[in-house]
Every structure is written in C-alpha cells, then in structure tokens.
Amino acid sequence: MTLKSSLAIAAGKSSYWFLHNFMHGGTSLPGKITLSIDPDVLRDLAKNYEIVIITGTNGKTLTTALTVKVLQAKYGNILTNPSGSNMKQGIVTAFLTNKKRKNGKKIAVLETDEANVPIISEYIRPAAFVLTNLFRDQMDRYGEIYTTYEKILKGIRMHPKATVIANGDAPIFNSKELPNPLIYYGFDHQDDQEQMAPANTDGLLCPKCQHILHFKNLVYSNLGKYYCPNCGFKRPTLQYRVNKLSKQTPQSSTFEIDGHEMTIHIGGTYNIYNALAAYTIGAFLGVEPKKAVQALSDPDSKVFGRQEVINVNGKEVTLILVKNPVGLDQVLQMVKSDQEPFSLAILLNANYADGIDTSWIWDGRFEDLPFDRIPAVLTGGERYKDITFRLRVAGVPEKNFEQEEDLETVLKKIKAMPTKHVYVLATYTAVLQLRKMLAQQGYIKGGMD
C-alpha cells in the first residue's frame, strides 16, 4: 500500500467516525474524501476479497441484503453497502468502515449502480456479476435499456473469468455472447401457455432477428419463458428456478425454489425474483439449501425504504421506493391485493437521484386500484401537482383526495389516515426526507444520508 493510499484511508475513516458519531450519517462523503486524496484507493481496499457485484434496474438493494443474509449463514461477517449508496464513493465507504476479519474467507457483496459497473470493475476483481433485470429508468441519465446493458457489459468484459449470474427470464441478458461462465435463474411455476406481452412493453424484439418475442410463460413486463417464432432464439436453460408459487399477500410470499419451500416476509412477485437471485448466489458460494431457506425466511430481512414497514402510532406504514414504470406498476399490483381497506400516499420528487423526467408515472396502472377500498389518498413532494393530475385522470374520488407539497404536513396527514394499513410510494429523495423526519420523531432508529 502506498503512502498516498494510507493517508487517504486514514482521512476517510476519520471523517466517517465524525459523521457517524456527531451527524448520524456518512455513507458517501467519507468515500468522496478518500477518493479526492487517492482516486485509485479502491484497488488496495478490495485486495483479497471475493467480490460479488449486484446490478440492474430494480431489486439491487433487496437482493444485496438477502444475499448477505444467505452468506452470513455460512461465512459470518460480509462486507456490503447496505444503505443503497451504490456509486464509487459509497462502495469505498463500505470498505473503509468494514470490520476486518482475522480468519476465514473475506467476501464483499456490493450493490452497484449500472453506470458504475465499468468504473468499479477497473479496480476490483469480481468473482461474480449478478444481473437482476433491465427496464427503462431515469432515461435522462441512462438512455434505453440496450445502452445501459452496454455499460454493464463493459465492466463484465474486463473480467472474462468472473461468473455471470443472470435473470434468465430477461431476454436482454441472453442477447450477447460472453466468454464468462453463466448461471441463469428464473420462474418455471406454470404449465406452458402461448401468450404475448402487452404492446407497450419494453424489450420485446428478438435481439437476433428483430421479430416480436412470444411467451410460453409471462411473469410480468418482458420477464418469462420467451422465444422467437421466427429464428428460434429462446430462454436459456435455468439452473435455479421458482417451481411453485403458493401464496402472495402485500406482506409476504410463499413459494418453492427447486422444491425447497420458503416464505419471505415482504410482498410482490418482483421480490421473489430478488430472493431467487440471493439463493442462486448462495449456491454459487457453497451455502447449503437448508441454510439459504432459513436465512431468506427470516422475518427481520428488512431494507431501508424498500418496502419497509414502520409502526407510526399503531399504523402499519409501508414505505416503498418507486422510480420507473415497471417497478411502479408492480407495486400497484401488490398494493391492490390487500384485502383490507388501506390508505395511500404518493410522494413525487424529481431531483437528479430520482430522475428529472416524471413522465413514467403515466405508465403505472393507477386506474386498476380499488378506490372503493381506499378511503384516503394523499399526494405530496416537490412535484405533487404532476402526481395529483395523474391520479385525477385515474379516477380518484375527490372526497377521499388531498394534496400537500410540504412533507412535514404530509407526515401529519399520514398519522391521521383512517386505516391501519398505509402504503407510502415515494421516489428516492422523498424516501430519504421522510425517513429523516421519522427518525427525528423516534419512529425509526436513524435516517439515511
């Protein structure tokens, strides 16, 4: 290690100590300080670690958290970036603050922003790249899904011996030839039935001949058992699969992976994909199925802002991050499955971290919500007028509808909502702002910076 690296690491650790103890934060600034002194410091920090990079549009944070739970069942302490700070500076902070192990395998599981995969890959040697899915997201920053995938591939191509663990139900992950070892996971829980995805779904053209893909099984969006009737392109063989889907509620899902039944204590089909990815990573690193099932079934597998259930004066307030059309639509499908009356708040910001283009809210099927069972609907955030207009078009009854830009007032109104279940759908910076208020009022232990 060079003198410059040593100084950079010392400065970073000192800044983290101060921020953590006196400012109750510090997930990215210590990394920024460290990198300002030594831009190449990650190369030294990541030495001797077996590293798993997890990337994709949706599910990175929860997949990372579940993977850590699975690996801890065998290996104990796992280095990770649990707050979702997934750019270079956040990953450097994760290494700076990790408690070093004297013995045993050193493993790092890193959630990585898609555009940062090639940046991080210059400095580390991953054992595996995990690809969750690719959907349109923050198009002002990423562009179309094919552009985003090329960014990810740039990082993967630096490490041709690293194993690629990919969602086999996503056609894009089977569209390019790679020299890497490949492991695919996906859904095989229904008998084959010929079908096609809705016309406005992304990624429906065959990457080989540009014909429209057909499906023998469709899970959601363009994920499923796809094939091209024109050239024969089809879903690859799955090594790990969901073979049975038993029960789903907004709070939990019971299913089987290769005959092993488990219940995860979080709703949504998309979160079953996240659990399947974590199970697959565990199998890749030698975790026994029984231990993986126990870890995934742990009711304490919670992740900040990603379907986090917070007790607010006796109400079960579920805080859910929404940020793109497919993710929003899947959250709405999950929320509407609640059989009890529930209240709904939607908080829309449009800062850089959220994506400054808010047009994606028009792709969510708000019209399908059971407004007869939703006695209170609230819109808020910096772009509350946009989401208010969208919900008015969707048919929210005016007698049940309120709007409020100020989040402090939003929180007061949430506390006054008439139902036990309250779902709060919020963009990234709105999640951070709301959590900070909840932390200041003692409802959670701490906010995130």
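The values are calculated or read from the model by the stated rules, or taken from the named source; none is laboratory data. Note that this is a predicted model, so its numbers are computed, not measured. As a convention, Cβ positions derive from the backbone with ideal geometry for all residues, glycine included, and neighbour counts pool all protein chains shown. SASA here: full protein model, heavy atoms, side chains in, ligands and nucleic acids out. Shrake-Rupley method; radii C 1.70, N 1.55, O 1.52, S 1.80 Å.
The test for being open to solvent by less than 10 Å² (accessible area, probe 1.4 Å) and closer than 21 Å to Asn86 by Cβ does not hold for Gly364.
In the range 413-449, which residue that is among the hydroxyl-bearing types (Ser, Thr, Tyr) and part of a helix (DSSP H, G or I) is modelled with the lowest pLDDT? Top of the filtered list is Tyr428. Entry remark, the range 231-263: residues being farther than 30 Å from Ser175 by Cα, open to solvent by 30 Å² or more (accessible area, probe 1.4 Å) and either part of a loop (DSSP other than H, G, I, E, B) or in contact with a helix residue (DSSP H, G or I) (Cβ under 6 Å, 6 or more places away or on another chain) (or both) number 2 in total.
In the set Ile165, Ile124, Ile152, only one residue is open to solvent by less than 30 Å² (accessible area, probe 1.4 Å), in a loop (DSSP other than H, G, I, E, B) and either over 27 Å from Ile272 (Cα atoms) or β-branched (Val, Ile, Thr) (or both); that residue is Ile124. If a residue has to be closer than 29 Å to Tyr220 by Cα, without any contact (Cβ under 8 Å) to a residue 40 or more places away in the chain, open to solvent by 30 Å² or more (accessible area, probe 1.4 Å) and not hydrophobic (A, V, I, L, M, F, W, C) to count, how many in the range 367-396 make the cut? Looking only at that region, the number is 9.
Conditions tested, residue by residue: (1) in contact with a helix residue (DSSP H, G or I) (Cβ under 7 Å, 6 or more places away or on another chain); (2) touching a residue at least 40 places away in the same chain (Cβ under 8 Å).
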site: Pro160; (1), (2): no, no
site: Thr163; (1), (2): yes, yes
site: Ala166; (1), (2): yes, no
site: Glu177; (1), (2): no, no
site: Pro198; (1), (2): no, no
site: Leu205; (1), (2): no, no
site: Cys209; (1), (2): no, no
site: Tyr220; (1), (2): yes, yes
site: Leu223; (1), (2): no, yes
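Being free of Cβ contacts under 8 Å to residues at least 24 places away in the same chain, open to solvent by less than 10 Å² (accessible area, probe 1.4 Å), of a type in the set (S, T, N, Q) and not in a loop (DSSP other than H, G, I, E, B), is that true of even one residue in the range 266-283? Scanning the range 266-283 turns up no residue that is free of Cβ contacts under 8 Å to residues at least 24 places away in the same chain, open to solvent by less than 10 Å² (accessible area, probe 1.4 Å), of a type in the set (S, T, N, Q) and not in a loop (DSSP other than H, G, I, E, B).
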